[in-house]
1. Does Glu50 satisfy the criteria of being assigned to a loop (DSSP other than H, G, I, E, B), modelled with pLDDT of 95 or more and surrounded by fewer than 18 Cβ atoms within 10 Å (Cβ to Cβ)?
2. Taking the range 175-205 on its own, how many of its residues are small (Gly, Ala, Ser), at pLDDT 95 or above and not in a loop (DSSP other than H, G, I, E, B)?
3. Restricting to the range 22-36, count the residues that are part of a loop (DSSP other than H, G, I, E, B) and over 18 Å from Arg85 (Cα atoms).
4. For the range 196-224, what are the residues that are among the basic types (Lys, Arg) and closer than 12 Å to Phe169 by Cβ?
5. On the basis of being assigned to a strand (DSSP E or B) and of a type in the set (A, V, I, L, M), does Leu39 make the cut?
6. Those residues that are outside any loop (DSSP other than H, G, I, E, B) and either in contact with a helix residue (DSSP H, G or I) (Cβ under 6 Å, 6 or more places away or on another chain) or among the polar types (S, T, N, Q) (or both), I need them from the range 156-174; list them, please.
7. Suppose the filter is out of contact with any Ser or Thr (no Cβ under 6 Å at 6 or more places or on another chain), crowded, with 19+ Cβ neighbours inside 10 Å and under 18 Å from Pro139 (Cβ atoms); does Val71 pass it?
8. Identify the residue in the range 115-124 that is surrounded by fewer than 20 Cβ atoms within 10 Å (Cβ to Cβ) and touching a residue at least 24 places away in the same chain (Cβ under 8 Å) and, among all such residues, is farthest from Gln58 (Cα to Cα).
Amino acid sequence: MNVTQPVKLRERKEHFGTWLSIGSPVIAEIAAQSSFDWLLFDLEHGCGSEDGLFAQLQAIRGTGVAAIVRVGAPHPDLILRVLDRGADGLMIPHVSSAAEAEACVQAAYYPPRGRRGVSRSVRACGYGLRPDRTPGNAPPPIIMAQIETMEGVEMSREIAMVDGIDVLFVGPADLQFDLSVRAEKGARDYETCLREVASAAADAGKQCGILIREAAGIGRFQDLGFTILAVDSDIAILRDHYQALLARNLNSRA
C-alpha cells in the first residue's frame with residue numbers, strides 16, 4: 001500500500017485515473033508510469049482474476065499512483081483480501097442505501113470503526129517486515145461507493161453522510177440503463193441524477209467521481225463538480241486504436 005496516496009486522493013481537487021480491465025501487469029506498469037493519480041483495477045467486469053491482482057499491484061509499486069480495486073460484490077471476504085494484498089482503496093458496485101454503505105465500511109476498517117481482521121503477514125504489511133504497517137498506523141482505505149441505480153441517486157445524501165465513504169462514484173452505464181428500463185420514465189433524467197449526486201457529495205464534504213469515455217467530455221463533469229475522474233479504459237484504448245489503424249490502412253488501399 002502506498003502511504004501517501006490515500007491521503008492525497010482525499011484532497012478536494014481533481015484526480016485523474018484510468019480503468020484497467022485486461023488484468024495485465026505490463027499495462028498496469030505503463031499506466032502507472034504515465035503519471036495518473038490513481039488506477040482502477042476492475043474485478044467486477046474485468047478480464048483479470050483476484051489472483052492476478054497481486055502481479056498488477058507489484059508492477060506499480062514505487063510509482064506513487066494509488067491503486068483502487070473494484071470488487072465484484074460487497075462481500076467482506078473479498079474486501080479483506082483486496083486490502084490485505086495492498087490496495088489503497090476500494091470501489092464498491094451498486095451501493096443503494098446508507099446501510100449498504102455502512103456494511104462496506106465495516107468490512108474495510110479495523111476495529112473499533114469496523115470489523116476487518118488483522119494479519120501482519122500480508123502484503124499490505126510487507127509480509128511482516130514493516131512493523132510500522134500495523135493496523136493502528138495504517139491510513140484508512142479510500143472507499144468509493146458506486147451510484148448505479150435510481151435508488152442510489154435517491155439515497156445519495158444518506159450514503160454520502162456515512163463516515164468512511166470518501167467518494168460517490170457514478171456508474172454511467174448501469175445508471176443510464178436503470179433509468180431506461182423503469183416504468184416511471186421521466187421521473188429523473190440522467191443529467192438531473194448527475195447533479196443530485198454531485199450536490200449530495202459536496203454537501204457532505206465528500207468527492208464525486210465518474211468514468212469518462214471521451215477525454216473531450218472532461219470539462220462537462222468538472223463544471224458539475226466531479227473531481228475523481230477516470231478517463232477511458234485499457235480495453236477501449238486498444239480496441240479503438242486498432243480499429244483506427246485498420247481504417248487508415250484500408251483507406252490508403254482504396
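The values are calculated or read from the model by the stated rules, or taken from the named source; none is laboratory data. If you're wondering where the values come from, they're calculated on a predicted model, not measured in any experiment. Counting neighbours? That spans all protein chains shown, and the Cβs are built from the backbone with ideal geometry, glycine included.
1. no
2. 5
3. Total meeting the criteria: 4.
4. Lys206
5. Considered against the rule, which asks whether it is assigned to a strand (DSSP E or B) and of a type in the set (A, V, I, L, M), Leu39 comes out as yes.
6. Those that are outside any loop (DSSP other than H, G, I, E, B) and either in contact with a helix residue (DSSP H, G or I) (Cβ under 6 Å, 6 or more places away or on another chain) or among the polar types (S, T, N, Q) (or both): Ser156, Arg157, Glu158, Ile159, Ala160, Leu168, Val170.
7. no
8. Applying the filter and picking the extreme gives Arg115.
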